[in-house]
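Throughout, read-outs are computed from the coordinates displayed, never taken from laboratory work. Predicted, not measured: the structure shown is a model, and the values here were computed from it. Glycine gets a Cβ as well: all are built from the backbone with ideal geometry, and neighbour counts include every protein chain shown.
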Amino acid sequence: MKLGIIGLPYCGKTTLFEALTSDYSPTGKIYIDGNTRIDTAVVKVPDQRLDWLSKHYQPKKVSHANITFQDISGIHEEQKGLSKSLLHVLTQIDGFIHVVQCFNISNEDINEKINLLLDDFTINDMMTIERKLENLSNEWTKGGGRNRSDIEYEQNLFNKMHDSLETKSIIDQNTLSINDQKLLSGYGFLTTKPMLIVLNCDEYTYESINTINITNTRINHNIISLMGKLEMEIAQLNKDDASVFMQEYGMTTNGLDQIIQLSYEILELKSFFTVGQDEVKAWTIHANTIAQDAAGTIHSDMNSGFIRAETMSFDDLQNLGSEGAVKSAGKLRLEGKEYVVQDGDILKIRFSPPKKNS
């Protein structure tokens with residue numbers, strides 16, 4: 001899953017990208033044209049549960065869940081609209097981290113900066129919808145093709161989206177039916193993608209920024225404030241020095257870890273675990289993934305030959321101390337293929353291996 005880091009010039013998005021990815025080698029740098037550049041890095045998702053499991057099982061290998069961040073340039077404050085090359089990049093992204101520079105500005109100014117990009121997103125999506133509605137109207141007039149009830153259904157759906165964008169509100173994908181989500185999935189609408197707002201402050205404005213007062217009806221996700229430059233300096237220190245540095249500035253949490261975890265959440269991703277002496281691993285799945293599909297993320301043979309999933313929760317294992325104790329307490333379960341895997345489940349898949357051709 002990919003999250004694009006976006007923002008106006010000098011907002012600090014590259015500083016944030018470098019801080020988030022300081023422990024990792026970039027996987028690629030792409031120049032789309034003279035204005036659009038993409039830097040990419042894959043980052044481990046911090047998870048204290050995985051840390052506990054690795055201490056408990058002492059495996060040969062520990063594998064974190066990963067998330068991909070892309071630093072996307074090419075957005076300019078004076079520019080009207082989005083270039084074709086930039087649009088192509090943005091539509092391929094699963095969600096956005098929108099960095100807003102917040103040095104000595106008011107909540108109203110922050111909202112205005114947020115809206116500059118959202119206006120471009122809205123205009124682009126409205127143009128796409130209007131083209132689609134025109135095509136549907138022509139299809140209705142010509143006739144002889146698809147069932148008219150199908151055309152009318154799509155017209156109503158796209159008109160609903162257009163009306164929503166005209167009032168500058170967000171369409172929550174979760175309010176749409178599965179069928180509607182499938183109909184819209186190929187259009188890459190920017191306003192329906194999840195977004196995390198990061199308020200990039202200096203040390204003088206950090207304490208005065210009140211994220212609760214940053215109200216914007218076009219944002220349906222999280223807002224977090226941090227000191228980007230300071231976070232980058234901390235990211236370059238070892239663990240002990242970083243802890244001392246954070247105490248000096250009265251920082252109780254690592255802002256970068258928060259961003260990574262919130263990124264995971266806004267994409268509606270969850271983790272389940274497989275454990276053993278060879279490897280303890282966190283696997284990434286979407287919310288509402290059933291056991292058979294979760295098994296398929298481990299290996300396709302486990303999906304096709306799925307029988308049952310031995311399941312226990314991380315909390316039960318941590319509280320009771322061992323797999324034997326979990327089983328004795330009656331908390332080790334056998335789940336079928338339709339079981340919806342929960343965040344923190346520990347799974348052992350029972351499956352029938354494919355038959356070898358003789």
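Remarks
- Reachable aspartates and glutamates from residue 132, criterion Cα separation under 18 angstrom, eight or more residues apart if same chain: 150, 152, 154, 163, 166, 180
- Of all lysines in the structure, the ones whose alpha carbon falls short of 22 Å from that of residue 348, not counting any fewer than 8 places away in one chain, are 55, 60, 61, 270, 281, 327, 331, 337.
- Trypsin sites (Lys or Arg not before Pro) within the range 111-160, DSSP loop, no more than 15 other Cβ atoms inside 10 Å: 146
- Global size of the chain as Cα Rg and Dmax, reported in angstrom: 23.5, 74
- Extending 7 Å from Cα along the Cβ direction at residue 327 and again at residue 51 yields two label points whose distance is 3.0 nm.
- Rounded FRET efficiency, nearest 0.05, which uses the C-beta distance separating residue 131 from residue 204 and R0 of 35 Å: 0.15
- In a simple Cβ point-charge model (Lys, Arg +1; Asp, Glu -1; nothing else charged), the chain has a dipole of about 1660 debye relative to its Cα centre.
- Taking the Cα centre of the range 109-187 as reference, the dipole from Cβ charges on Lys and Arg (+1) and Asp and Glu (-1) amounts to some 380 debye.
- Nitroxide proxy distance, nm - points 7 Å out along Cα→Cβ at residue 1 and residue 298: 2.1
- Going from the fewest other Cβ atoms within 10 Å to the most, the residues 121, 351 appear in the order 351, 121.
- Segment residue 237..residue 183, full-extension length gain: 14.7 nm, with 0.36 nm per residue of separation and the alpha-carbon distance subtracted.
- Using equal-weight Cα scatterers in the Debye expression, the normalised intensity of the range 288-351 in log10 at q = 0.12, 0.24, 0.26, 0.29 Å⁻¹ is -0.28, -0.93, -1.02, -1.15.
- For residue 113, the lysines whose Cα comes closer than 23 Å to its Cα, not counting residues fewer than 8 places off in the same chain, are 13, 80, 84, 168, 193, 229.
- When you filter the trypsin sites (Lys or Arg not before Pro) in the range 255-358 for DSSP loop state and at most 14 other Cβ atoms inside 10 Å of their Cβ, you are left with 355, 356.
- Among the chymotrypsin sites (Phe, Trp or Tyr not before Pro) in the range 225-281, those located in a DSSP loop and surrounded by at most 16 other Cβ atoms within 10 Å of their own Cβ are 249.
- FRET efficiency, 1/(1 + (r/R0)^6) with R0 25 Å, evaluated for residue 42 and residue 91 via beta carbons: 0.75
- Share antiparallel - DSSP beta bridges, the chain, percent rounded to 5: 55
- Cβ-placed point charges (K, R +1; D, E -1), dipole of the range 255-332 about Cα centre in debye, nearest 20: 200
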